[in-house]
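Worksheet: the structure to be examined is printed underneath.
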Ligand code: SF4
């Protein structure tokens, strides 16, 4: 069977799609070069915001015409939305044939091989599931994702993740080390470790800092990154490890969410604005050139104008290199969705726009402050605009574009920044 996987959502989903691809290949199926050529379409879905779910439902509905032309075409939905909606996805007359929750991907190949499976939805949660021994088929040729843990125990009051991805569990350190080593043998030089809260990694007597120190010794590796960190679990030991290990890049993504203590408390984030600011200070003291990126969530139930201003103020004080800004989206089953003081959609949008505008200004300033500096770029591909230019990332996670040829793809290049937009460094 030729299959095509379409992925929505975060990097965890990208990594899961790479794993699903491996499972299907191992079972004798072949990746289709494009969706038109597929006999099986797998939608790997996201539930974090209502908009993300609506988008996928729209996409699946669009594929119904394909099924009319080709009645043998199968559609499978996997991922967080499959976990959350389960059988209901099939009751929407969406043309969906199979639904697999996040802990049931290993059933996919077996079920597809069966002409008349007795069941078409598999959404049981398995809090032990770490997909032991499955090496992903990576989509990017140079930068790879390695999942170190699955699930989350934090229950932030706005977040659906713990309900759809289950309890936190860490993969054995020996499996992770082996997977990173194998990735370097395939030519990957930039590895990002993934988990909902990597700072609470714990397995085989190793915490996250010790895991990083071990991975830092894998020689063919050039760059090591990780996402996502949680401000309540980011220890001084981890900060020191980042400073000590030459392969760990000078960048951290540390979701702030709000700059107001009362809102942070009601979000169940487990830290206050002072703690967050102190962490930033400690990071900048230990790693002076560190780039900081964050997530900001505005319009949380009950957020007053003053509390929203506190968020903008903390963003001004910290000056993040980049911020992913979101408006609150109620998710059925979470504590915040039951709150009676929901902020009107119009006001949420207005606050979101103000947050985006502020951050765009800061990001532009941050990127332009790089002009004149020399940066190390790991060249990943041609630039989107021209085959006379190549693009890649700096150690501090900025996209850089420079004149170059295909020979440079997959290598480290030192370049001088001559201009910048709020998203790209233009280099020479
Ligand atoms: S840490 Fe909070 S926001 Fe992140 S996945 Fe867990 S519950 Fe969701």
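Rule-based calculations on the coordinates, nothing more; no lab input. Please read these numbers as outputs of a predicted model, since none were measured by experiment. Note: ideal-geometry Cβ built from the backbone for every residue, glycine included; neighbour counts use all protein chains shown.
At 7 Å along the Cα-to-beta-carbon direction for both residue 388 and residue 26, put a label point, then send me their distance in nm to one decimal.
The modelled label-to-label distance comes out at 4.7 nm.
Could you give me the percent of Cα pairs per 5 Å distance bin for segment 75-167, shortest bin first, beginning at zero and ending with the bin that holds the maximum distance?
Result, from short to long distances: 2, 12, 19, 20, 20, 15, 9, 2, 0 percent.
Taking the chain as a Gaussian network, where each spring joins two C-alpha atoms under 10 Å apart, which residue of 210, 174, 200 fluctuates the most?
Taking springs between Cα atoms under 10 Å, the residue moving most is 174.
Provide the gained length on full extension for the span residue 1 to residue 278, in nm with one decimal, where the gain is 0.36 nm per separating residue minus the Cα-Cα distance.
That works out to 94.3 nm of additional length.
Any idea how far apart residue 335 and residue 237 come out in nm if each label point goes 7 Å out from Cα toward Cβ?
My value for the distance between the label points is 2.8 nm.
Taking the Cα-to-Cβ direction at residue 54 and at residue 178 and moving 7 Å from each Cα, how far apart do the two end points lie in nm?
Here the modelled spin labels are 4.6 nm apart.
Does a label point 7 Å from the Cα of residue 345, set along Cα-to-beta-carbon, have any residues of segment 285-312 with amide nitrogen under 18 Å, and which are they?
298-302
Compute the semi-axes of the equivalent ellipsoid of the chain, taking the square root of 5 times each eigenvalue of the Cα gyration tensor, and list them largest first in whole Å.
34, 28, 22
Ratio of segment 310-388's C-alpha Rg to 2.2 N^0.38 Å, to two decimals?
Taking N as the residue count of segment 310-388, the ratio is 1.59.
Go ahead and run the numbers for FRET between residue 64 and residue 113, Cβ-Cβ distance against an R0 of 25 Å, rounding to 0.05.
0.50
Taking neighbour Cβ counts within 10 Å as the exposure measure, how do 397, 145 sort from fewest upward?
397, 145
How high is the FRET efficiency from residue 289 to residue 217, r the C-beta distance, R0 35 Å, rounded to 0.05?
Efficiency, rounded to the nearest 0.05: 0.90.
Ranked from highest to lowest mean number of other Cβ atoms within 10 Å per residue, what is the order of the peptides 317-327, 274-284?
Going by the mean number of other Cβ atoms within 10 Å, highest first, we get 317-327, 274-284.
Using a Förster distance of 30 Å, how high is the FRET efficiency between residue 244 and residue 265, based on the Cβ-Cβ distance and rounded to 0.05?
About 0.30, to the nearest 0.05.
Can you show me the helix-derived [θ] at 222 nm for the chain, built from DSSP H runs with n ≥ 4 at -39,500 (n - 2.57) apiece and divided by the number of residues, rounded to the nearest 500.
-10000 deg cm²/dmol
Report the residues of segment 220-242 in range of a label on residue 411: point 7 Å along Cα→C-beta, backbone N strictly under 19 Å from it.
The answer is 220-223.
Test of understanding: ordering 207, 246, 260 by Cβ neighbours within 10 Å, fewest first, what list do you get?
Exposure proxy ranking, most exposed first: 246, 207, 260.
Percent of Cα-Cα pairs more than 25 Å apart in segment 1-111, please.
Summing the P(r) of segment 1-111 above 25 Å gives 12 percent of all pairs.
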